[in-house]
1. Among the listed residues Thr201, Thr179, which satisfies the condition of being open to solvent by 10 Å² or more (accessible area, probe 1.4 Å) and out of contact with any Cys (no Cβ under 6 Å at 6 or more places or on another chain)?
2. Quick check on my filter: what residues within the stretch 122-164 are touching a residue at least 40 places away in the same chain (Cβ under 8 Å), outside any helix (DSSP H, G or I) and under 19 Å from the mean Cα position of the chain (by Cα)?
3. Return yes or no: is Ala235 open to solvent by 10 Å² or more (accessible area, probe 1.4 Å), of a type in the set (A, V, I, L, M, F, W, C), closer than 24 Å to Asp50 by Cβ and at pLDDT 95 or above?
4. Checking the condition open to solvent by 20 Å² or more (accessible area, probe 1.4 Å), more than 20 Å from the chain's Cα centre (by Cα) and among the hydroxyl-bearing types (Ser, Thr, Tyr), which residue from Ser339, Ser365 passes?
5. Determine whether Asn114 is open to solvent by less than 30 Å² (accessible area, probe 1.4 Å), of a type in the set (S, T, N, Q) and farther than 24 Å from Ile387 by Cβ.
6. Taking the stretch 298-322 as the search range and keeping residues that are hydroxyl-bearing (Ser, Thr, Tyr) and open to solvent by 30 Å² or more (accessible area, probe 1.4 Å), which one is nearest to the chain's Cα centre (by Cα)?
7. Which pairs have Cβ atoms under 6 Å, sit 6 or more apart or on different chains, and link a residue in the stretch 565-590 that is part of a helix (DSSP H, G or I) to one that is of a type in the set (S, T, N, Q)?
8. I'd like the residue in the stretch 533-554 that is of a type outside the set (A, V, I, L, M, F, W, C) and surrounded by 16 or more Cβ atoms within 10 Å (Cβ to Cβ) and, out of all such residues, is modelled with the lowest pLDDT.
Amino acid sequence: MNRNFQPNNNSNTNRNITRQQGPNPSQQQNQNVQAAAKQIPISNEPIIADIIPRVPGAKVQVIPIGGLCEIGKNTWALRCDDQIMIIDGGLAFPTEDMYGVDLVLPDLTFFIENKDKIAGMIITHGHEDHIGGISNMLKSFDIPIMYGPPLAIGLLEGKLKEAGLMAKANMKRIKPRETVRVGQFAVTFIRNNHSIPDSFTLVIQSPAGIIIHSGDFKFDHTPFDKELFDIPALAEAGSKGVTLLISDSTNAERSGYTPSEKAVYPKLEETFVRATKRIIITTFASQVHRISQILEIAQKYGRKVAILGRSMLNIALISRQLGYMNFPDGLLIRADEVSNYPLNKIVILTTGSQGEPLSALTRISNGSHKQISIIPGDTVIISATPIPGNERSVAATINALFARGAEVVYGRDSGVHVSGHCSQEEQKIMLSLTRPKFFMPAHGEYRMLVRHGKLGEEVCGLAPENIFIMENGDILEVSTETAAIVGEVPAGIIMVDSTRDGSIDKNMLINRKQLSTQGIVSLVLSLEKDKIVAGPDLVFKGFVFGDAHESEELSQSIKDKIVSSWDQIKGLEKGLREKTLEDLIQNSLTDLKQKPVIQVVFLEASLV
């Protein structure tokens, strides 16, 4: 299937969008770029040394294993001359229809089948959707070397120690503008702005030319940590000629610019001033800049902070240890100490911004948390926006908090959250600075990729056939002059239930969904030498009958059919015998319009 970005008048596929002529980057946009660039010292010496020469005809394959047409599990493979470089290894959180699933990981089949060709890994930053799947990778194959920012490596070390995998990990911390070699690639780390410190855009030199992987980014001209986007380095890479740009599409539907992280501070402080009782705040556990601001404001107003959620507490402690957070001893207290302080002297910082069923905030909202309950008059701040697919879960949590008497501050208009991802004008800046020959929108749902693709036409005048709207597993092969989708690799998902070892397959997920919506019928037969000596016994769960008589009548009808058919059924092989009984029961439920899970159990009378 041709997945290239094509004008609608050439194809009817729903992957296509109409080419539109748009304006060049606005004067304001250029002024913002220039203003930001002036804040970074510029040397006459080149920032990015030429290490990998371009080779006419050389080809590089770019393979998204996760992160396209979705939010999360960002995982990439770049292959050249039978050597593979991995970029990030992320996870995603389950959607509402993934019953009992805690985490979603990318399918690793491609890496496992090519494990002898893996030269190393590059990590862009420390968010879970970029490093949360690395432990699972190391359980399945070796990664010779992993390069990443200090904070990302620090967070990853904690995960690997917990999983008992540190002995398999060879990690090296990089510095801004540092260049490393991985196989046929040379990668320069360029500092960018995101909602976590130490976030980087990658300039990748290859025999097919320069490939820029934007990572998650925005252009924040007043960043909380005062670390500016390294625009001179990005512009220098663009001036060398960029073969392919892979760029963040998360906010491609939002016009304008994403506000600075600092814009959240006055809104949070205003809420602190108004609150007369406890303040409960939820945000992403790895939102280091946001957590830093919350701790700073809490200290300013004399409130102690209890952090609920092991992941959030670990990240706060590791960030402090590495110098990315600064808060005094004594600011943090344990959850069981909250009751020792006046209500107006407490902040509870918690996980659960996405309405996760087992998160602390969800359990607080439904009254099941062992240590914290809502007190009428508590102020709850939702300092996050729902990831697509989580909207209903988040809304349910907010409703439950209101019902228990809390004052809830939430939503985009509240000003207590800003995105860490670029909006349209910043996406235009990235395109303008890099001026790629080919463009692949990434990190977003399908509609976001399409909207971002339009900007490639408007800003750079890229031809539609040079813009690639792809799906996980597609192979984009690029050279200095050409690019095309040439095939695909396995790129499904692994669903993890943390209550048990192993992953959940699709059949198990179907059964769980079926149990939750259609119920279950259990049939028990006691046999002695294939003769029924007790039963059949039937149990219906999850059914709604008009009255007891209806259920008894249906149950007796099924039992009679089983007994009358047993002479024919008993001669079948065990598996076929069970399937025949399942079909008999299902056919008897036609009038109920339910398709339950059917469980057949044979008991040997001699063993009972």
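The values are calculated or read from the model by the stated rules, or taken from the named source; none is laboratory data. Because the structure is a prediction, the values reported are computed rather than measured. A quick note on method: Cβ atoms are made from the backbone with ideal geometry, for glycine too, and the neighbour counts reach across all protein chains shown. The protein model used for the area step is the full one, side chains on, heavy atoms only, and it has no ligands, DNA or RNA in it. Shrake-Rupley method; radii C 1.70, N 1.55, O 1.52, S 1.80 Å.
1. Result of the check over Thr201, Thr179: Thr179.
2. So in the stretch 122-164, the residues touching a residue at least 40 places away in the same chain (Cβ under 8 Å) come out as 122, 124-134, 136-137, 143, 147, 149-152, 154-155, 158.
Add one more test, that the residue is outside any helix (DSSP H, G or I), and what stays is 122, 124-127, 132-133, 143, 147, 149.
Those that are touching a residue at least 40 places away in the same chain (Cβ under 8 Å), outside any helix (DSSP H, G or I) and under 19 Å from the mean Cα position of the chain (by Cα): Ile122, Thr124, His125, Gly126, His127, Gly132, Gly133.
3. Numbers: open to solvent by 10 Å² or more (accessible area, probe 1.4 Å): yes; of a type in the set (A, V, I, L, M, F, W, C): yes; closer than 24 Å to Asp50 by Cβ: yes; at pLDDT 95 or above: yes.
Here the answer is yes, as Ala235 does meet what is asked.
4. Details: Ser365 fails: open to solvent by 20 Å² or more (accessible area, probe 1.4 Å).
Result of the check over Ser339, Ser365: Ser339.
5. Numbers: open to solvent by less than 30 Å² (accessible area, probe 1.4 Å): yes; of a type in the set (S, T, N, Q): yes; farther than 24 Å from Ile387 by Cβ: yes.
Answer is yes for this residue.
6. Narrowing the stretch 298-322 to residues hydroxyl-bearing (Ser, Thr, Tyr): 301, 311, 319.
Among the residues that remain, those that are also open to solvent by 30 Å² or more (accessible area, probe 1.4 Å) are: 301, 311.
Details: Tyr301: 34, Ser311: 15 Å.
This residue is Ser311.
7. Ile569/Thr580
8. Step one: filter the stretch 533-554 for residues of a type outside the set (A, V, I, L, M, F, W, C), giving 535-537, 541-542, 546-547, 549-553.
Remaining after also requiring surrounded by 16 or more Cβ atoms within 10 Å (Cβ to Cβ): 535-536.
Numbers: Gly535: 73, Pro536: 82.
Among those that are of a type outside the set (A, V, I, L, M, F, W, C) and surrounded by 16 or more Cβ atoms within 10 Å (Cβ to Cβ), it is Gly535.
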